[in-house]
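Each value in this text was obtained by applying a stated rule to the coordinates, not by laboratory testing. What you are looking at is a predicted structure, and each value in this text was computed from that prediction instead of being measured. A quick note on method: Cβ atoms are made from the backbone with ideal geometry, for glycine too, and the neighbour counts reach across all protein chains shown.
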Amino acid sequence: MRWLIDGYNVIRRSTDLREREKNSLEAGRRALLDLLGRVARDRGDQFTVVFDGAGAGGSTASAGVRIVFSSARESADRVLIRMAAAQGGAVVSDDREVLRSAARVGAVPITAREFLARLEAVETGAVQGFRETEKDADDESESRTAPRKGNPRRLGKKARAAARALGRLGGHPH
């Protein structure tokens, strides 16, 4: 699975990563990259982490994890959306516009909270089947004016795609 990660967004949603970032931005980034590196080795997934950068931007890579810094002319959000349109995969962010744009281009939008919860479960070995809570499933439907059709117990198409992507983190390695 290909994952596109909003780096600072994920760091700031995790208590542990946020504590590391208090020491320095580099310490926060390194902690996130180490975590993703362990998952990439265990699961075989590919992670691209995008950070807001300065200057000309750039990228580096290590086993299963690629790091991209946006240029001064383009935000990390725009880089994520552009990469999602070109590569597909799952986009992890808590920025609503990034998630909406990812869905529009056919990528799977996943919140940082969902992603971190799954990573924590993988790290502790407590992975069971992923199931979105009723509150999360209702968040999207609240904006609708007409009642939903179909089975009310079945997750929506986007929620099922997110569940499949997150389930891969807890699945068996290739």
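Just a few scattered comments:
- Amide H contacts of ASP94: ALA112, each under 5 Å away and 5 or more positions distant or on a separate chain (H built 1.01 Å from N in the peptide plane; Pro and chain starts excluded).
- Distance between modelled label sites at GLU120 and ARG12, nm, 7 Å Cα→Cβ extension: 1.9 nm
- A Förster radius of 22 Å, combined with the Cβ-Cβ distance separating GLN87 from ARG164, puts the computed FRET efficiency at roughly 0.80.
- In this label model, ARG30 and ARG100 are separated by 3.9 nm, measuring between points 7 Å along each Cα→Cβ vector.
- Sorting 4-13, 77-86 by their mean Cβ neighbour count within 10 Å, with the most densely packed peptide first, gives 4-13, 77-86.
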